[in-house]
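Below is one structure, written out as structure tokens, with a few remarks after it.
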Amino acid sequence: MNQVFRKYCILIICFVISNQCIGQQIRVFESAKCNKDSYFVNVLKPEIQSKAPVVNRIIQFILNSNERNKTYEELAEFVDTFGGRLSGSPALENSTDYLIAKLQNENLDHVYTEDVLVPKWERGTEWAQMVEPRAQRLGILGMAGSASTPKGGLKAEVLVCNSMEELNDISNDKIKDKIVLLNTNRVNGSYIKFKLDGTRMVADGGGVAVMFRSYAKDTVYSPHAGIIRYYSKDTQIPVVSIAAEDSDLLHRLSKRGVKVMVNLHLESTFYGMTRSRNLMADLVGTQYPGESVVVSAHLDSWDVGQGAIDDGAGVFISWRALSLIKKLGLKTKRTLKLILFTGHEMGRFGSKAYVEKHSQNLQNTSVILNSDYGTFRPFGLTLSARNTRAQCIVYEVLQLLHKINATELVVGKSYDLTQSDGNEFMRAGIPASGLLNDNTKHWYYSHTNADTMSAINPYYLDLCSIVWTAASYVLADLTEMLPKD
Ligand SMILES: [Zn+2]
């Protein structure tokens, strides 16, 4: 895959997540500028290069011992046992207990949890059926937090709008009593606000429900889960995500002037806030125990699929990073801190709570590694840090991974490339790094019923595990923390 295409992949991620990144500057890091930094060249670079034998041991250990495929097998057992781990669900809390026992069994230092309040919502029975011009079941997922349909469901004609502007131009008498389909994933600004505004406009016009076209550009009949918030009680009408293919179908029918009627049944219950937990474990540093490199992912997932890619795989490469370093008998100068966040999918409740609780000593974090955008074939890392020396350090660490061809660094100039829980740390000035991997198909799976073990390649997962373990080890063992902006 060439560099231009890889840049394109990153842009795609930004588009579907925040819809704000297009046009902003991202770039493959140019290492020539590091030669102008004599301290880097004479002190830091040789120190990083001296870690090559250890990194080679890590590579050998993961690929050529009985550790091979172990991350995959452990992850499969985990997600097959607990399935989707929705915020506030018994499955999430049981899976947290399971991992606590695993971490304690491995004698990692300081395995502990911190309570976090997260929303508790439950999906009930839901279905949509086109009844005119012919019968066809439609692929939908109710949005978390949505209002339910009246008992027995509702039946209404579908009005298709291909943009927010189009919806804005339609008179209320045309919206009244309709199910409005917003058949677009081109959004200016926040996708959450787009849903909020669209729902309000439909509700204000007297519409009875909203269907949002599933937000990934390319999918294979898999509507995406998501959250919906309302401006006020008056705008609380049922909201669902509809598979792109069905959205296209309804659009084509309507364009031909065919009247489309749909039966919609949606049960959705919000129970308020409930207790959940962030889970932490440390490998305490030998020289700077108060400083840390955070290795992280989120433990909760959507209720559909198994939460394997999003974010079970991130959880397991993060846990395994500490586990493998311990098994190899390696020690690091500063503490390696594993954080498995809760409440991510409902709005990053876990990472927000962590940053708030630890704001006093957060600056002792050198960098947060956060894996949340796939464990496909890895190429290297992304880094959200403006400081050139920090970029040079991470670039040089990646050069130790030439044997697995994962030496590339992509840096963002003005925004967070990790676009996940790392964001919360970045806002506090902490450099954030994610896996640079071939995640062009990430949104085929993530947040859908297709997020299962079948989408994960065991060999690539091992390669991601190597990148994660090696980067964690070297960054935590350097004499200095990554410089902050
Ligand atoms: Zn995620």
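The values are calculated or read from the model by the stated rules, or taken from the named source; none is laboratory data. The structure displayed is predicted, hence computed values, not measured ones. Here Cβ is always computed from backbone atoms with ideal geometry, including for glycine, and neighbour counts include all displayed protein chains. We work out accessible area using only protein heavy atoms, side chains counted, and drop any ligands, DNA or RNA first. Shrake-Rupley method; radii C 1.70, N 1.55, O 1.52, S 1.80 Å.
Descriptive notes on the structure:
- Candidates per GluC sites (Glu not before Pro) in segment 351-448, loop by DSSP, up to 16 other Cβ within 10 Å: none
- A DSSP coil position with no more than 11 other Cβ atoms inside 10 Å describes the following trypsin sites (Lys or Arg not before Pro) in segment 41-141: Arg134.
- The overall shape of segment 134-259 is rounded: from the C-alpha gyration tensor, with semi-axes ordered a ≥ b ≥ c, the ratio a/c is less than 1.5.
- Heavy-atom accessible area order for Thr286, Thr184, largest first, 1.4 Å probe: Thr286, Thr184
- Expected-Rg normalisation [2.2 N^0.38 Å, Cα atoms] applied to the chain: 1.02
- Percent carbon-and-sulfur accessible area, segment 134-259, ignoring ligands, DNA and RNA, probe 1.4 Å: 47 percent
- The residues Arg200, Arg27, sorted by heavy-atom accessible surface at 1.4 Å with ligands and nucleic acids left out, run Arg200, Arg27 from largest to smallest.
- Heavy-atom accessible surface of segment 375-473: percent carbon and sulfur, 1.4 Å: 43 percent
- Relative to one another, the C-alpha centroids of segment 31-83 and segment 302-317 are positioned 22 Å apart.
- Val258 - accessible surface, heavy atoms, 1.4 Å probe, Å² rounded to 10: 50 Å²
- With Cα atoms, 0 to 90° folded angle of helix 3-17 axis to the chain main axis: 50 degrees
- Förster radius 25 Å - calculated FRET efficiency between Glu47 and Glu106 (Cβ-Cβ, nearest 0.05): 0.30
- Ordering 324-337, 434-447, 265-278 by mean Cβ neighbour count within 10 Å, with the highest value first, yields 434-447, 324-337, 265-278.
- Ranking by accessible area, most exposed first, for Asp282, Asp109, Asp80 with a 1.4 Å probe: Asp80, Asp109, Asp282
- Note on the chain: helix-only mean residue ellipticity at 222 nm, from DSSP H runs of 4+ residues weighted -39500 (n - 2.57) and normalised by residue number, equals -10000 deg cm²/dmol.
- Aspartates and glutamates with Cα under 14 Å of Lys174, excluding same-chain neighbours fewer than 8 positions away: Glu157, Glu166, Asp204
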